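Below you'll find the structure, written out as structure tokens, and then a few comments.
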Amino acid sequence: GLGFNIVGGTDQQYIANDNSIYVSWIKKDGAAYLDGRLQEGDKILAINGKDLKDLRHKDAVELFRNAGYYVSLKIQRRLQPQNGPVGHGGDGESGALPLAAILVPGMALAAAAVWILLRYRQRM
């Protein structure tokens, strides 16, 4: 596999009132671990262009199992405040990162994961 487990879905919400799919565990020495960019708690928005919104957990698992050799993940990093709440400057600014700051590294992660997966499968 890709070296990580997922949680969530319409039938097994990981976060109350949120049907999203999240990375729950990364296997040591697996493709995702070796790449180093995917993190536990990351939300997976899409795999190979297929939106994961409002899927049952088992349907999301099936998409990952049938992803094939070339896998593209679109992720959203869970932002954690470093020194207190973010975006309370009172100037109307939200303090959030631009979407590209999250998606660009996510796409690079997907490309690296595919490369690692292909190299790993060639050794089998």
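Please list 3J(HN,Hα) in residue order for the range 39-53, calculated via the Karplus relation 6.51 cos²θ - 1.76 cosθ + 1.60 where θ = phi - 60°; whole Hz, with x for glycine and proline.
Working through the residues one at a time gives 10, 4, x, 5, 8, 9, 8, 7, 10, 6, x, 8, 5, 8, 5 Hz.
Using a Cα-Cα cut-off of under 23 Å, which lysines could be cross-linked to LYS53, ignoring same-chain neighbours fewer than 8 residues away?
LYS43, LYS74
Apply 1/(1 + (r/R0)^6) to the Cβ-Cβ distance of ALA108 and VAL7, taking R0 = 25 Å, and write down the FRET efficiency to the nearest 0.05.
Result of the calculation: an efficiency of 0.55.
Order the peptides 42-50, 22-30, 62-70, 109-117 from the highest to the lowest mean number of other Cβ atoms within 10 Å of their residues.
Ranking, from highest mean packing down: 109-117, 42-50, 22-30, 62-70.
If r is the Cβ-Cβ distance from ARG56 to ASP29 and R0 is 25 Å, what FRET efficiency results, to the nearest 0.05?
0.25
We did not get these values from a lab; they are worked out from the coordinates using the rules stated. Everything quoted here is computed from the prediction, not taken from an experiment. Here Cβ is always computed from backbone atoms with ideal geometry, including for glycine, and neighbour counts include all displayed protein chains.
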